[in-house]
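Quick notes on the structure that follows.
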Amino acid sequence: MITFDPANKRIYKFLFASSIGTFLEFFDLALYSFCAVLIAKYFFPPDADSSIAEILTWLIFAVSYVVRPFGAVWFGNIADRHSSKRAMVLSMSMMAFATCGIGLLPTYEQIGLLAPVLLLILRITQSVAVSPEYNILSVFVKNNNWCAAHYGLVSSISASITGLGMLSASWLMSKILGNASLLDIPQYAWRLPFVIAGLLVGTIGIYLRWNIDDTLTADQPKTVPIRAVLQKQFKDLLQAIIIAGYIGVITYVLFSFLVYQLQHVRHMNPGDALAILGFGSLILPTFSLLAGYCSDYVPRNILMLAAACVIVASGFSLFSNLSIVSEHAILIQASFMLAGLGFFAGGFPGYLAELFAHEYRYTGSFVAYNIGMSWIGGISPLLFIGLAKIHAILPVWLIASYSLLVIALLVQPLLSFKNVQTDIV
């Protein structure tokens, strides 16, 4: 059991130093999602059609995510071959710069086309920088054999922090908005969270990471890590990509697409839409930690399988009836979906780290997670909004189909009686 004594000081320092990066990643992601309408207004021509500007704003989001897996290869190589500490400090520095930069970026009226170009550059920088954040805690703890008896609980901290980051952004934006329209608030009001988060969280994160103990007990790779992953565990990599993509899709469905639908289908003001999601997202970190705790006693893929079943049932009910049910019913259904996401994501970091051999575990985990989150999850807001404009039911069927695919992948080891909670050495 993890006890709070001086002997565990280095563990606590590492947990906090790694978690603050995940917090900043998802705080920034949520802020960008919530402020997409404002970004479209200020960083594109004022005479442009608002719908086109909004689509271009999400296109920048999607394009920036395309390069994210390349960041995963780069940071994975640094962590596997050199030092996880070096990767963590560099990642936090780039994140802080990009987040703060968006808050300080001049508008289209001030610098013309350079505004959306610089916005794209900052989003690309952010996407590359965050590529190691979600997995670095679970891989580091696994490689150093820390907290072996409670590895599932410790590894789930990353998933719980994602919920706290999004919850903080939801709460902050709902307070800034109040009952006002999103387009009516002054520029400084939505820019300030980007600047403060970049400067304050970034500075604290860099300091903490610079002073961590990054003792490494795993063997150093004898070949380029990404080459070893592709040669030895290509099938596992593909499965991990699909499952990571599922987390990305469901996350963006709840924190981007649902907010969009509540405003366009239910005609709710943005503050009320964010408040519903903010209240429901209290569940996400709680269920992530609960799943991590349970995964120390129950195989992780069984827990993730149960969570996927909850997600598909609650998601189908929520989005297919969004225009007719009460706000109270929306809150309940969204809460069930968030609970399912939290439970699924809580078991995933440990599941992913244990899937790859220790000499290239950083690279395997980083690449699988980031391809899934970026090339699958990253395009989902744009895809769902586009499908909804064609027919409201299309996003619902896409969510259900993806859920069934993931369920099939998680069921397969159970049917073949495989031990799915193995540690490849």
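The values are calculated or read from the model by the stated rules, or taken from the named source; none is laboratory data. Worth saying up front: this structure is predicted, and the values here are computed from it rather than measured. Reconstructed Cβ throughout: ideal geometry from the backbone, glycine too, with neighbour counts over all protein chains shown. Heavy atoms of the whole protein, side chains included, go into the accessibility calculation; ligands, DNA and RNA do not. Shrake-Rupley method; radii C 1.70, N 1.55, O 1.52, S 1.80 Å.
Annotations
- On Cα atoms only, tilt of 234-252 relative to the major axis of the chain in degrees: 30
- Efficiency of FRET from Cβ geometry, N145 and Y297, R₀ 22 Å, rounded to 0.05: 0.70
- Residues of region 6-114: accessible area per residue with a 1.4 Å probe, Å²: 39
- The residues Y108, Y188, Y360, sorted by heavy-atom accessible surface at 1.4 Å with ligands and nucleic acids left out, run Y188, Y108, Y360 from largest to smallest.
- Over 32 Å between alpha carbons, listed pairs K175/K389; K142/K235; K85/K235; K85/K232; K41/K85; K41/K175: K41/K85
- The chain - mean residue ellipticity at 222 nm from DSSP helices (-39,500 (n - 2.57) per run, n ≥ 4, rounded to 500): -23500 deg cm²/dmol
- Under Karplus coefficients 6.51, -1.76 and 1.60, residue-wise ³J(HN,Hα) of region 64-70 in Hz, glycine/proline x: 4, 6, 4, 7, 4, x, 5
- Selected from S158, S326, S83 as most flexible by GNM, with the chain as the system and alpha-carbon contacts under 10 Å: S326
- Read-out Cα extents along the principal axes in Å, derived from the coordinates shown; its label in (1) 58, 45, 42; (2) 76, 49, 46; (3) 87, 47, 38: (1)
- Comparing K85, K389, K142 in a Gaussian network model of the chain (Cα springs below 10 Å), the most mobile by mean-square fluctuation is K389.
- For region 1-124, the spherically averaged projection of the C-alpha convex hull amounts to 9.7 nm².
- Working note: Karplus 6.51/-1.76/1.60 with θ = phi - 60° gives region 92-101 the couplings 5, 4, 5, 4, 4, 4, 5, 5, 5, x Hz, where Gly and Pro are set to x.
- Surface accessible to a 1.4 Å probe, E327 within the full protein complex, Å²: 90
- Whole-percent carbon and sulfur share, accessible surface of the chain, 1.4 Å: 69
- Crossing angle, helix 283-294 versus the chain [Cα axis fit, 0-90 degrees, rounded to tens]: 10
- Between helix 9-34 and the chain there is an angle of about 30 degrees, using the helix long axis and the longest principal axis of the Cα atoms.
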